[in-house]
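The values are calculated or read from the model by the stated rules, or taken from the named source; none is laboratory data. These numbers were taken from a predicted model, which means no experiment stands behind them. All Cβ positions, glycine included, derive from the backbone under ideal geometry; neighbour counts span all protein chains shown. Surface areas here come from the heavy atoms of the whole protein model, side chains and all, with no ligands, DNA or RNA. Shrake-Rupley method; radii C 1.70, N 1.55, O 1.52, S 1.80 Å.
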Amino acid sequence: MELSVSFFAARPHSCVLPVVPARPDLKLRRRPLTLRRRSAIRAQVSDPSRCRETDDDGFVLEDVPHLTNFIPDLPSYPNPLHKSQAYAIVKQTFVSPEDVVAEKIVVRKDSPRGVHFRRAGPREKVYFKSEEVRACVVTCGGLCPGINTVIREIVCGLNYMYGVDDILGIEGGYRGFYSKNTSQLTPKVVNDIHKRGGTFLRTSRGGHDTQKIVDNIQDRGINQVYIIGGDGTQKGAALIYQEVEKRGLQVAVAGIPKTIDNDIAVIDKSFGFDTAVEEAQRAINAAHVEVESVENGVGVVKLMGRYSGFIAMFATLASRDVDCCLIPESPFYLEGKGGLFEFVEQRLKENGHVVIVLAEGAGQEYVAQSMHTVDGRDASGNRLLLDVGLWLSQQIKVRLKHFSPSMRCLIINTNN
Ligand SMILES: Nc1ncnc2c1ncn2[C@@H]1O[C@H](COP(=O)(O)OP(=O)(O)O)[C@@H](O)[C@H]1O
Ligand SMILES: O=P(O)(O)OC[C@H]1O[C@](O)(COP(=O)(O)O)[C@@H](O)[C@@H]1O
């Protein structure tokens, strides 16, 4: 997915905020936390109205909007989890609305308290009566392992834990709101979907038309919208929420962040990342087996990661068979002392084979220079990347021909 500044784990103050949280009970308070005067310390958020802070200790709350922001007298109800046998006996089932999570865990004694985010989890009060909920689920953008599990959990959680019976599946991404029929989702319908790959609801790029989508939400009487997708999807979700607010509709919009890359700062781990790392290791293993079996074998394994190298890095660390890992965050060069060619030659001399892992977005500037290609985009406007794996293996073959004419260079592309 294309990453905006506010998404990047590597950048300060980065985060992905659900437009409203992804659970029906997870609502934001109308009253802010301890809200005092603004100070010079400011969180870099795309929407400054979400950012609140104190002047004395630099506490910043980067908040998410709530229905009560624009429907002030919205009644609330006890959370149905109160009645659940499984939950009622558990102490601290509910998350206090005062709870926040600090963006940074490493701080200094005298540093400002810094940016905080609202803690997710069930609240004691909810703002919908279960029997009045008509929820919908949509998946947009790129795929990621685990999407079906998330769909299943939304449906089963809403039904079993919150007593919601009316849940619609929107098919084929955002455009499905206005161009496709919906299907009814029940625990029975989604029972086995977590065993399949892809998305049970299908997905698409492009096709985000805010007016048409919100018209449709209104026409169908939907009042909870669960949107699973990457940064593009979440930008679309934010627009939907803004339109809902403009129209004064009692519709909760929950963005559920999906990224295979695990490049979101404020969550422990994005779903699908572990599977991607595991699969990546299989590819690395295959490359290692191949290059070990020939004379001067060079394996180039291209993994996912347009702008972040977490998959490549974690798979490299786990595999122990990788000699070099190239990621977009860390520039590299080919020629001269400390360059990649020197390293490859050295490893071939020492070990007789080399395995290089490449994140898809690494070295794009070199490939662009040598290929003179036009800037391609997908239907959502994301830049199409050039094939760095193919390019690098060609470069190595040409440049190291003198070293070993019998050198074999193998490319494994895992992302297409
Ligand atoms: N800036 C944006 N505003 C509104 N909708 C967007 C925006 N960017 C992307 N979208 C929509 O979000 C959906 C998914 O976006 P895409 O970039 O393809 O995938 P991802 O969500 O995985 O990043 C598409 O339907 C696209 O039209
Ligand atoms: O070929 P596609 O479908 O554009 O996807 C490839 C790219 O999508 C990503 O996996 C990011 O997608 P998500 O973060 O939305 O999962 C990149 O790292 C990867 O290189």
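The trypsin sites (Lys or Arg not before Pro) of the range 297-352 meeting both criteria, a DSSP state outside H, G, I, E and B (loop) and at most 14 other C-beta atoms within 10 angstrom of the site's C-beta, are ARG320, LYS337.
Charge dipole (Cα centre; +1 on Lys/Arg Cβ, -1 on Asp/Glu Cβ; no other charges) of the range 129-257 amounts to roughly 340 debye.
Find the accessible area per residue for the chain; the probe is 1.4 Å, ligands and nucleic acids are left out, and the unit is Å².
Working: 20180 Å² over 416 residues.
Normalised by residue count, the accessible surface of the chain is 49 Å².
Taking amide hydrogens as placed 1.01 Å from N in the peptide plane, the amide H of LEU410 sits under 5 Å from those of VAL298, GLY299, VAL300, each at least 5 positions away in sequence or on another chain.
Once the mean of 1/r is taken over each pair of separate Cα atoms and inverted, the chain shows a Kirkwood hydrodynamic radius of 23.7 Å. Please identify the GluC sites (Glu not before Pro) of the range 306-349 that satisfy two criteria: DSSP loop assignment and at most 11 other Cβ atoms within 10 Å. Which are they? Answer by residue number: GLU335. Note on the range 330-416: with neighbouring protein chains present and a 1.4 Å probe, carbon and sulfur make up 53 percent of its accessible heavy-atom surface. To put it simply, the accessible area of the range 59-118 at a 1.4 Å probe is 56 percent carbon and sulfur. Dipole size of the chain about its Cα centre, with +1 on Lys/Arg Cβ and -1 on Asp/Glu Cβ: approximately 820 debye, rounded to the nearest 20. Sort the range 141-180 into rounded, prolate or oblate with this rule: let a ≥ b ≥ c be the square roots of the eigenvalues of the Cα gyration tensor; rounded if a/c is under 1.5, and if a/c is not under 1.5, prolate when a/b is larger than b/c, oblate otherwise. Since a/c reaches 1.5 but b/c is at least a/b, the shape of the range 141-180 is classed as oblate. Oblate is the label for the range 268-373. Its Cα gyration tensor axes, ordered a ≥ b ≥ c, give a/c of at least 1.5 and b/c at or above a/b. Globularity index of the range 331-416 is 1.21 (Cα radius of gyration / 2.2 N^0.38 Å, N = number of residues).
Between ILE193, ILE71, ILE151, the residue with the greatest mean-square fluctuation in the GNM of the chain (Cα pairs under 10 Å linked by springs) is ILE71.
Only Lys, Arg, Asp and Glu carry charge here, each on its Cβ (+1 for the first two, -1 for the last two); on that basis the range 77-174 has a dipole of about 520 debye about its Cα centre.
Against the longest principal axis of the chain, how steep is helix 147-156, in degrees 0 to 90 to the nearest 10, with axes from Cα atoms? Around 20 degrees separate the two axes. Would you give the gap between the C-alpha center of the range 276-301 and the C-alpha center of the range 307-334, rounded to a whole Å? If you average the Cα positions of each part, the centres end up 14 Å apart. For the range 129-257, the square roots a ≥ b ≥ c of the C-alpha gyration tensor eigenvalues yield an a/c of 1.5 or more together with a/b not exceeding b/c, which makes the shape oblate. Annotation for the range 55-110: trypsin sites (Lys or Arg not before Pro) lying in DSSP loop with at most 15 further Cβ atoms inside 10 Å of their Cβ are LYS91, LYS104, ARG108, LYS109. For the range 230-311, the Cα gyration tensor yields ellipsoid semi-axes of 42, 11, 8 Å (square root of five times each eigenvalue, largest first, whole Å).
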